[in-house]
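J.: Below is the structure I would like to discuss, written out as structure tokens.
The values are calculated or read from the model by the stated rules, or taken from the named source; none is laboratory data. Just so you know, these numbers come straight off a predicted model, no measurement behind them. Neighbour counts are summed over all protein chains in view; Cβ atoms, including those assigned to glycine, are modelled from backbone coordinates with ideal geometry. Quick note on the areas: whole protein, heavy atoms, side chains included, nothing else; ligands and nucleic acids left out. Shrake-Rupley method; radii C 1.70, N 1.55, O 1.52, S 1.80 Å.
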Amino acid sequence: MQPNSFAASKTVVRPPMVRKETSRVLKREMRKQSNRESARRSRLRKQAECEELQARVAGLRNENLLLREELQRLSVECDKVANENMKMKDELCKSLGPEELLELDAFLESRFDEGNS
């Protein structure tokens, strides 16, 4: 008896229609996997951007706090200098007189304007 050539053969020949369908399924699965990877990379980029922005916000808040403290310190210093200036003007007014003080103010102001021109 002759061996059955069909049964002995392990090669399965698929019709062209089945090969096309298999190819389409494979392409679709590859596209899905590619899309998953792209979405994963996009999420990672977004997370990194969010963390970077959070760090920037923390830095800016700290800088803002330092600037507010410096502004407060400079405001206090400005008030002290303004008070000291008023006291000195009062003393000058008492010793020179109001007219001399006005002339001195005008002279100093003109010198100040020359220096800024």
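J.: What is the distance, in nm, between label points placed 7 Å from the Cα along the Cα-to-Cβ direction at R111 and at S75?
T.: Going by the 7 Å Cα→Cβ label model, 3.3 nm.
J.: Take the Cα radius of gyration of region 21-67 and divide it by 2.2 N^0.38 Å, with N its residue count; two decimals is plenty. It would help to have the intermediate numbers written out before the result.
T.: On the way: Rg = 20.3 Å, N = 47, 2.2 N^0.38 = 9.5 Å.
For region 21-67, the normalised Cα radius of gyration is 2.13.
J.: Here is a follow-up. Determine the shape class of region 56-117: with a ≥ b ≥ c the square roots of the Cα gyration tensor eigenvalues, call it rounded for a/c under 1.5, and otherwise prolate if a/b is greater than b/c, oblate otherwise. Each step should come with its number before you reach the end.
T.: Working: a/c = 8.51, a/b = 2.32, b/c = 3.67.
Because a/c hits 1.5 or more and a/b fails to exceed b/c, region 56-117 counts as oblate.
J.: Just the number please: accessible area per residue for region 66-117, 1.4 Å probe, all protein chains included, in Å².
T.: Here the residues of region 66-117 average 94 Å² of exposed surface.
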